[in-house]
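Here's the structure we're looking at; comments come further down.
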Amino acid sequence: MTAINPVTDLSKDGDIAVVTLNSPPVNALSANVRDGLVEGFRQAKADPSVKAIVLICDGRTFIAGADISEFGGQMKGASLFDVQKEIEESPKPVVAAIHGTALGGGLEVALCAHYRVAVPSAKCGLPEVNIGLLPGAGGTQRLPRIAGVEKALEMVTSGQHVPAKQCLEMGLVDELAPEGKLKETAIAFARKCVAENKPLKKVRENNAKLEAAKGHPEIFANFRKANARKFRGFKAPEANIQCIEAAVNSPTFEEGLKTERKLFMELMTGDQSAAQRYAFFAERQANKVPDVPDDTPTIPIKKVGVIGAGTMGGGIAMNFANAGIAVTIVEVKQDALDRGLKVVRGNYERSAKGGRFTMDDVEKRMGLLTGSLKLEDLADCDLVIEAVFERMDIKKDVFARLDAIVKPGAILASNTSYLNVDEIASATKRPEFVIGLHFFSPANVMRLLEIVRGEKTSKEVVATSMKLAKTIGKVAVLVGVCPGFVGNRMLAQRTREANALVLEGAMPWDVDRVLYDFGFPMGPFAMGDLAGLDIGWVKENSKSSTIREVLCEMDRRGQKTGAGFYDYDENRNAKPSPVTEKIIADFRAKQGINPRTISDDEILERCLYPMVNEGAKILEEKKAIRASDIDTVWLNGYGFPVYRGGPMYWGEKVGLDKVLAGMKAFQAKMGDAFKPSALLEKLVAEGKKFGDVK
Ligand code: 3H9
């Protein structure tokens, strides 16, 4: 074995050379990796005793892509194209051996090998679109040549990781290796190439699948149309489509590559990709808790209890069953329990019908769920999560009872979205085992989990919760105890301003349109209609004191009643409502408000600047570890457009000085709801950014 450089080795198995990469954590194509590959292949090719070459990776995965952290900086060493040329033009057959994931630049390297062998658990994909990019090393030109135009369009615009078996079917992989036997299988395959004198297949020369799409521009038109909603606001999907179009319509492979290069550079230097790359690293950074090191002991979680079988409780339970963890769901009444389990089954069956898993899997998952009417049945759980009514006295009562029932050493968690976790913990004799696990609705779908660390929560319980979040596929963000935590606390600012704007002269659909155009999936009023305007509304106490109350009193309770802020047709399409308009006009008149014209800019600034300001307060009070954690909350739980990076990132893009000046101007006109946070003032005075806050 020869060490080519610190991350690359060259060894031989008879007449087969093996180039092995070992660059943890994911063998990303950093300068060292690129240099090692070029040199490794040069030496293997120069050795006359070598007849074929295998490229394989150590560690948990094949190459997971270009090194994203290098983007935007000065590139050093060999280029990715140099690497590809060494491989593709090799006069000796090259076999790529894939395990883990071959992603982005990693798959683009593998596509330059003459053959590919993979273990069944491996996955291949071009996920660049998720960081606002396109595959910039020939991926958009080679993939349609091997997988066909339709499949390629789907893969590059979704970024999906395709399982090896499907890759085999579409020709992306030539042979499957038994699990754990990748290296020997790839070497045997290479030997077969030599023995049978197999051709040195170059994907770039294979045009048959492109020919089939030539003269059919409707393939692209239809694809664009079918995905218009999904791609709204994003630049990268369209650029990816244009590259595949170029693969079909360019006279040569090289011409197609030129289009790919041009569009790649446009995206790479653009704002959207910068924001999406930031979001990628922010999400991973959120896993790191400075005073809870990686080696903190964790509590094994084998059995989970969930209290409440409503939408929230059922959704929470599904997360654990999906991960193979047994769950006991406790309800007060049998019919509520039956109803809850029926909804869960219905959700699973829908997923199975959609092809996400088999009916066997439905039964497996349902088999992990046990219903009960007795809290006592939670005694041997390792973690119990309550999702009961959001009232402190009820929560405290449940926790006191749980404390007496559930075995010592088990974690007691609250799904509260707002209440004081320390006060809840005070109802128990084990406050160090109490934590907030704030799931977002629908809990089986939404990726965000706010983990609320109480004053006394132990490090083990924090570490266990963070690890568990990963097991159940959630993006976890650790937050501190304060009303509404990070997400809802900032949302309250936006909600207040959205309502105030309507009182002052805007219409709900004006506010919604501005926020929708900004990139949110829907505005606050459409959202209210969807969720139901009567959440938290009590008929007996209703005094027509807000427009929302008036709407509820008129039985305009949102989509479910066919009317709320908007009117809805039978397909739930929303239309601005003349009834609501009149309600608003009457309400303003009663309050003596003279409506004024409000600009779109004011709507946006009024809704978003106070959120940035509140985020600054959250940082100041150390209720979030870092600004990027706040962004991660908003990107994954509240539909903040990822191509704008999150509210804190966006605030910096706008300019913190501009946000501060805006807040001051609003404060002068409208009072102290707009009082700038001390941190915002300080950062602007010192010319610093949120990232500088330690
Ligand atoms: C590209 O290839 C462009 C080319 O087409 C053209 C170029 C000209 N770079 O996610 P994890 C780090 S664009 C740098 O927690 P998992 C990550 O930050 C790229 N670092 O693990 C984390 O670091 P830390 C296309 C990377 O097992 C650690 O690795 N490829 C990269 O849950 C572990 O990550 C992609 O977009 C990278 N490419 O998931 C794939 N990837 O420990 C992006 C990871 O310090 N990566 N890191 O926090 C992924 O999707 C997942 O990381 C993966 C593993 C599925 C691979």
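Over segment 2-267, what is the relative contact order in percent, taking alpha-carbon pairs closer than 8 angstrom and at least six residues apart?
17 percent
Treating each Cα of segment 347-497 as an identical point scatterer and ignoring solvent, apply the Debye formula and state log10 I(q)/I(0) at q = 0.10, 0.12, 0.21 Å⁻¹.
-0.40, -0.56, -1.35
Taking a cut-off of 51 Å, what percent of all Cα-Cα pairs in the chain are separated by more than that?
Summing the P(r) of the chain above 51 Å gives 19 percent of all pairs.
Which net charge results for the neighbourhood of Asn197, defined as the other residues with beta-carbon distances under 15 angstrom from its beta-carbon, given Lys and Arg at +1 and Asp and Glu at -1?
+4
Taking the Cα atoms of segment 431-485 alone, what are Rg (to one decimal) and Dmax (as a whole number) in Å?
Every Cα atom of segment 431-485 included, Rg and Dmax give 10.8, 30 Å.
Going highest first, how would you order 209-220, 248-259 by mean Cβ packing within 10 Å?
Going from most to least packed, we get 248-259, 209-220.
Calculate for the chain the 222 nm mean residue ellipticity that helices alone would give, adding -39,500 (n - 2.57) per DSSP H run of length 4 or more and normalising by residue count, nearest 500 deg cm²/dmol.
-14500 deg cm²/dmol
Ranked from highest to lowest mean number of other Cβ atoms within 10 Å per residue, what is the order of the peptides 97-110, 619-632, 382-395, 538-551?
Listed from highest to lowest mean packing, they are 97-110, 619-632, 382-395, 538-551.
Which percent of Cα pairs goes in each bin when the distances of segment 506-591 are cut into 10 angstrom slices starting at zero?
Calculated over all Cα pairs of segment 506-591, the distribution is 19, 50, 28, 3 percent.
Under a Cβ-only charge scheme (Lys and Arg +1, Asp and Glu -1), can you give me the dipole magnitude of segment 134-284 about the Cα centre, in debye to the nearest 20?
The calculated dipole for segment 134-284 is roughly 140 debye.
Report, to the nearest 10°, how far helix 271-285 tilts away from the longest principal axis of the Cα atoms in the chain, using its own Cα long axis and a range of 0 to 90°.
Taking the Cα atoms of the chain, the angle to 271-285 is about 80 degrees.
If the only charges are +1 at each Lys and Arg Cβ and -1 at each Asp and Glu Cβ, what is the size of the charge dipole of the chain around the Cα centre, to the nearest 20 debye?
The dipole magnitude comes to about 320 debye.
Less than 13 Å Cβ to Cβ from Ile593, Lys/Arg counted +1 and Asp/Glu -1: what total charge do the surrounding residues give?
Summing Lys and Arg as +1 and Asp and Glu as -1 gives +1.
Could you work out how far the C-alpha centroid of segment 312-352 sits from that of segment 16-67, in angstrom?
47 Å
State the answer as a single residue: which of Ser414, Val445, Gly355 lies farthest towards the positive end of the charge dipole of segment 303-483, with beta carbon charges of +1 for Lys and Arg and -1 for Asp and Glu, about the Cα centre.
Positive-most Cα among the choices belongs to Gly355.
Could you grab the relative contact order for segment 204-336? Cα pairs under 8 Å, six or more apart, rounded to a whole percent.
15 percent
Round to a whole angstrom and tell me the spacing of the C-alpha centers of segment 217-279 and segment 193-216.
What the calculation gives is 24 Å, centre to centre.
What net charge is computed for the residues neighbouring Tyr115, neighbours being all others with C-beta under 9 Å from the C-beta of Tyr115, Lys and Arg scored +1, Asp and Glu -1?
Computed value for this residue: +1.
I need to check one value: relative contact order of the chain, counting alpha carbon pairs closer than 8 Å and at least 6 residues apart, in percent.
9 percent
Could you tell me which of Ile301, Met312, Ala274 has its Cα farthest along the dipole of segment 274-319 towards the positive end, charges placed at Cβ (Lys, Arg +1; Asp, Glu -1), taken about the Cα centre?
Sorting the options by dipole projection puts first Met312.
Residue by residue through segment 98-113, what is 3J(HN,Hα) from phi via Karplus (6.51 cos²θ - 1.76 cosθ + 1.60, θ = phi - 60°)? Round to whole Hz and write x for glycine and proline.
10, 9, x, 10, 9, 10, x, x, x, 6, 5, 5, 4, 6, 8, 5
Roughly how far apart, in whole Å, are the Cα centres of segment 418-494 and segment 137-154?
What the calculation gives is 42 Å, centre to centre.
Scattering from the C-alpha atoms of segment 296-382 alone, worked out with Debye: what is log10 I(q)/I(0) at q = 0.15, 0.16, 0.22 1/Å?
-0.53, -0.60, -1.01
What shape does segment 2-267 take by its C-alpha gyration tensor, where a ≥ b ≥ c are the square roots of the eigenvalues and a/c under 1.5 counts as rounded, a/b above b/c as prolate, and the rest as oblate?
Prolate, since a/c reaches 1.5 and a/b exceeds b/c.
Just so you know, all these numbers are worked out from the coordinates, no wet-lab data involved. Please read all numbers here as calculations on a predicted model, not as lab measurements. Cβ sites come from the backbone with ideal geometry, for glycine too, and all protein chains shown count toward neighbours.
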